[in-house]
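Here the structure is laid out as C-alpha cells; the discussion comes afterwards.
The values are calculated or read from the model by the stated rules, or taken from the named source; none is laboratory data. Predicted model, so just to flag it, every value in this text is computed and none were measured. In this analysis, Cβ positions are derived from the backbone assuming ideal geometry, glycine residues included, and neighbour counts consider all displayed protein chains. Ligands, DNA and RNA are excluded from the accessible area calculation, which covers all protein heavy atoms including side chains. Shrake-Rupley method; radii C 1.70, N 1.55, O 1.52, S 1.80 Å.
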Amino acid sequence: MDEKLKVFEDKMEKAVSVLKSEYASIRAGRANPHVLDQLTVDYYGVPSGIQQVANVSVPEPRMLLIQPWEKSLIKNIEKAILTSDLGINPSNDGSVIRLVFPEMTEERRKELAKDVKKKGDGAKVAIRNIRRDANDTVKKLQKGGEISEDEQKQYEDKIQKMTDKYIEKVDKEIEVKSKEIMTV
C-alpha cells in the first residue's frame, strides 16, 4: 500500500513544482529571464520559446537583453512580447532587443501579491483534492476487505500528515514570493 501512497505524494510534489514554475514567471521588480518562459515565437513554422532562439541576459538589475541568433527573428520576438501580458515595450537597435522593467508601483505590487496568494490557494486546493482521492482509495480497499479498519485509520493519518507537509510547503512558497514582490 505504501507504493500507492507514493503515487499521491508524487502528485502533491508536482502541484508544488507547478506553483514554483508559475511563480518564476511573475515579475517582481527585477529583470528575470523566466518572465519569457511562456512566450513563443514562430521559428520556421515551429512555435519555439524565446530561450531556444535567442541569448537572454541580464546586464542590469531591471533590464533584459535578448540577442536573437538570427536577425530576422527580431520582429517576431518583439511581436510576441507586445502581445503578451508582460506590459513592457521592447526597444530594438536592429541586432538586440532591450526590455527595461519599470519600477513597480505599490498598487501593482499589491495586485501581484494577491495573484501570488490566489495561485497558492489553487495549489492548496489541488493538494486537498489529491488527499480526497487518496482517502477514497483507502476506503475502497477497506470495503473490499484488503485492509482492516485500523489500517485504514493509519493510512488516513499518513495521508493527512503528507497533506499538511505539502500545504506548509505551499505556504512557504507564497510567503517567499510575496516578500520578494513587496520588497522595493
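GLU22 fulfils the conditions (1) open to solvent by less than 20 Å² (accessible area, probe 1.4 Å); (2) at pLDDT below 85 except for a single criterion, (1).
Considering only the stretch 99-115, I want to know if a residue exists there that is open to solvent by 60 Å² or more (accessible area, probe 1.4 Å) and of a type in the set (A, V, I, L, M). Scanning the stretch 99-115 turns up at least one residue that is open to solvent by 60 Å² or more (accessible area, probe 1.4 Å) and of a type in the set (A, V, I, L, M). Do we have any residue at all in the stretch 81-95 that's of a type in the set (A, V, I, L, M) and farther than 22 Å from LEU112 by Cα? Within the stretch 81-95, none of the residues are of a type in the set (A, V, I, L, M) and farther than 22 Å from LEU112 by Cα. Determine which single condition LYS172 fails, assuming it passes every other condition in (1) under 18 Å from the mean Cα position of the chain (by Cα); (2) open to solvent by 90 Å² or more (accessible area, probe 1.4 Å); (3) modelled with pLDDT under 90. The single condition LYS172 does not satisfy is (3). Of the strands (runs of 3 or more DSSP E) lying entirely inside the stretch 1-64, the ones with 1 or more residues being closer than 22 Å to ALA80 by Cα and in contact with a helix residue (DSSP H, G or I) (Cβ under 7 Å, 6 or more places away or on another chain) are found at 40-43, 54-60.
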